[in-house]
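Scroll down for the structure; my scribbles are underneath it.
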Amino acid sequence: MPVKNRFAELQSEITAWRRDLHEHPEILFDTHRTSGLVAERLQSFGCDEIVTGIGRTGVVGVIKGKSDQSGKVIGLRADMDALPIHEATGLDYASRTDGAMHACGHDGHTAMLLGAAKYLSETRNFDGTVVVIFQPAEEGGGGGREMCEDGLMERFAIDEVYGMHNWPGRPVGSFAIRPGAFFAAADLFEVTFEGRGGHAAKPHETVDPTVMAAQAVTALQTIASRNADPVDQVVVSVTSFETSSNAFNVIPQRVHLKGTARTMSNAMRDLAERRIEEICTGVAATFGGSAKVSYHRNYPVMANHAEQTDFAADVARSVSGGCDEAPLVMGGEDFAFMLEARPGAYILVGNGDTAAVHHPEYNFNDEVIPAGCSWWAEIVEKRMPAA
């Protein structure tokens, strides 16, 4: 029976797992219920080894093939965490946790990898070992980094690693991928502008940090328009502007900004960090104040490896009949840490005409399940064909 047909048979079961996860979202590393359910299911499938607590709340399952002449080990990774968003879908299985929601489809990723693990445990039609990786805290917590620092790759002797993300706007079950830089480095910055507060009726007696900060917000946009090569990608966004006063008639003592810088190369990352510092301190000095800048390098550029990308695309074509070239994505993805540690590839699978990820009306499309599960299973069977 073709792999995809088997997952069509399993679709209702996998859908039930997914909807249960959707009802009970957990944020960052607090994926205790989710991790427990994943471990229980892997145990019921008959995995050869199950390890919990990697990267705090990560779960790893080991499935051995019928033979191991190749000695090869392939890792398959899914993320488990939800987002701090109030759900607005109105679904029967909507989130039961106020202020938490699976708004990025990690419930679907986890369910699909569980489906692939069930199939691979049943058939074992491969020569080598597969390691299924269930990761917490993709949404800003760096769970991929935590798992790697916890010895994931070395402990399980992983040779290659593969990941997948659903993509609204693409036809259901269709695939897209690109070699090299794919998702952006996503860094964080904070700036505190210090002035001299006072009465709003006497601005001449103050050094107004709101003017400094307002000028800086505008000036930061010149990093993209006047500092970066137009063919390079950089996005600098100020996302929070907070003063030390909430009164109508008080010029505050300080203003605090937060934001992100997203880039596709180390050179552009260096440029963004340097110019954010120079612009903010320079603007502050111009108005007689000061600025303290903190820049945190968070997720690195997620770059697919060429050979593994070609292979992943071939598998996608065998599953769905085609595989498009994906666009560059300026969002961050902490699978980047795993691709820095081992060769591998990350692919997009179409979620259909749905709300965008991170939207309160988003929902993972369960019709994606057969294609997504099949891609993971065939990555294993085609990369490590049975001896």
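Only Cα pairs under 8 Å and 6+ residues apart enter the sum, and on that basis the relative contact order of region 273-387 stands at 25 percent. Ordering L10, T31, Q43 by Cα displacement along the dipole of region 1-43 toward the positive end leaves L10 in first place; charges were set at the Cβ atoms of Lys, Arg (+1) and Asp, Glu (-1). Computed over the chain, relative contact order equals 25 percent, with contacts defined as Cα pairs under 8 Å that lie 6+ residues apart.
Each Lys and Arg Cβ is given +1 and each Asp and Glu Cβ -1; about its Cα centre, region 1-133 then shows a dipole of about 480 debye. Computed over region 194-339, relative contact order equals 24 percent, with contacts defined as Cα pairs under 8 Å that lie 6+ residues apart. If you average the alpha carbon positions of region 17-93 and of region 117-144, how far apart do those two centres end up, in angstrom? Centre-to-centre distance over Cα atoms comes out at 8 Å.
Sorting R178, R77 by the number of Cβ atoms found within 10 Å of their own Cβ, with the fewest placed first, yields R178, R77. Between the helical axis of 266-286 and the longest alpha-carbon principal axis of the chain there is an angle of about 20 degrees.
Taking the number of Cβ atoms within 10 Å of each Cβ as an exposure proxy, the fewest-first ranking of H102, H86 is H86, H102. Dipole magnitude for the chain: computed about the Cα centre from +1 point charges on Lys and Arg Cβ and -1 point charges on Asp and Glu Cβ, it is near 380 debye. At a Cα cut-off below 19 Å, give the aspartates and glutamates reachable from K292, other chains included and same-chain residues fewer than 8 away excluded. Excluding near neighbours in sequence, the set is D187, E190, E194, D208, E242, D270, E273, E277, E278.
Divided by 2.2 N^0.38 Å, where N counts the residues, the Cα radius of gyration of region 185-299 comes to 1.12.
So how strong a dipole does region 185-299 carry about its Cα centre when Lys and Arg Cβ are +1 and Asp and Glu Cβ are -1, to the nearest 20 debye?
100
Farthest toward the positive end of the dipole of the chain, out of S174, F189, A303, is the Cα of F189, where the dipole comes from beta carbon charges about the Cα centre. Helix 32-45 sits at what angle to the longest principal axis of the chain, using alpha carbons and giving 0 to 90 degrees rounded to 10? Here the helix axis deviates by roughly 20 degrees. Relative to the longest principal Cα axis of the chain, at what angle does helix 3-23 sit, 0 to 90 degrees, rounded to 10? Helix 3-23 sits at roughly 40 degrees to that axis.
Each residue in T129, T218, T110 was given a count of other beta-carbon atoms within 10 angstrom of its own, and listing them fewest first yields T218, T129, T110. Please work out the C-alpha center-to-center distance from region 309-340 to region 260-297 and express it in whole Å. Centre-to-centre distance over Cα atoms comes out at 32 Å. Annotation: the antiparallel percentage among DSSP beta bridges lying fully within the chain is about 65.
Throughout, read-outs are computed from the coordinates displayed, never taken from laboratory work. Model, not experiment: these values are computed from the prediction. Note that each Cβ is placed from the backbone with ideal geometry, even for glycine, and that neighbours are counted across all protein chains shown.
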